[in-house]
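Visitor: Starting off with a structure, shown below.
Nothing in this text is a laboratory measurement; each read-out follows from the coordinates by a stated rule. Predicted model, so just to flag it, every value in this text is computed and none were measured. Quick reminder, even Gly has a Cβ in these numbers, built from the backbone with ideal geometry, and neighbours come from all protein chains shown.
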Amino acid sequence: MEIVELGETVVIGIEVVADFGQLRSAMPAAWRELFSRQDELPASGTGVFVEASNHLGDGRYRETIGAVAVVADVSVSEGMGMALIPGGSFVHHRHDGSVATIAGGFQAIYDWAAEQGLTLGNRKLDIGYTADGGEQPHELYVDILI
């Protein structure tokens with residue numbers, strides 16, 4: 001675990017707003033749609049996709065899956081959304097396990113932050129998804145409240 005500074009991040013792609021319990025069914029459908037429309041995303045050149053998550057309160061989340069845009073003034077295709085993650089301090093963890101165990105990677109961030117006396121915010125980034133579903137490391141980030 002480490003504390004890192006990230007600049008403002010813009011994620012363009014498919015947006016889902018749902019209660020936590022609904023995400024289990026809504027997100028796989030959103031990923032399928034994203035991969036079928038990946039040619040509409042800004043070219044990142046990496047072939048790696050990101051999930052930006054923002055806890056809205058009362059168990060509701062806004063998840064935006066897609067590509068990181070280098071600049072915020074790119075066009076967004078119809079039916080897609082844009083998530084703006086303000087720059088700041090984040091706890092970073094490299095998750096080397098399977099996608100199925102990413103929740104455990106985020107839990108490790110929360111546990112470590114608690115040990116350090118840090119208060120975490122509502123924004124998370126998970127960078128490392130691929131269209132072919134191949135296993136690769138994911139870079140996990142959770143914002144720190146100051």
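Visitor: Return a whole-number percent for the relative contact order of the chain, with Cα pairs under 8 Å and 6 or more residues apart as the contact set.
Guide: Relative CO of the chain lands at 32 percent.
Visitor: Using a Gaussian network model of the chain with C-alpha springs under 10 Å, which one of 11, 68, 76 is most mobile by mean-square fluctuation?
Guide: 76
Visitor: Return the distance in nm (one decimal) between the two label points of a simple spin-label model at residue 136 and residue 94, each offset 7 Å from Cα along Cα→Cβ.
Guide: Going from the residue 136 label point to the residue 94 one covers 1.4 nm.
Visitor: Here is a follow-up. Could you tell me how many degrees, from 0 to 90 and to the nearest 10, lie between the Cα long axis of helix 102-116 and the main elongation axis, the longest principal axis, of the Cα atoms of the chain?
Guide: Tilt relative to the chain: about 30 degrees.
Visitor: Mind listing which GluC sites (Glu not before Pro) in segment 1-65 are in a DSSP loop and have 12 or fewer other Cβ atoms within 10 Å?
Guide: 8
Visitor: In addition: Fewest to most neighbouring Cβ within 10 Å: what's the order for 31, 112?
Guide: Going from sparsest to densest Cβ surroundings: 112, 31.
Visitor: Separate question: What is the order of 106, 49, 20, 35, fewest Cβ neighbours within 10 Å to most?
Guide: Listed from fewest to most nearby Cβ atoms, that is 20, 35, 106, 49.
Visitor: Next question, about the same structure. Which one of 85, 127, 102 has the biggest mean-square fluctuation once the chain is modelled by GNM with Cα springs under 10 Å?
Guide: 102
Visitor: Show that you can apply the helix-only estimate: for the chain, add -39,500 (n - 2.57) for every DSSP H stretch of four or more residues, divide by all residues, and state [θ] at 222 nm to the nearest 500.
Guide: Result for the chain, helices only: -7500 deg cm²/dmol.
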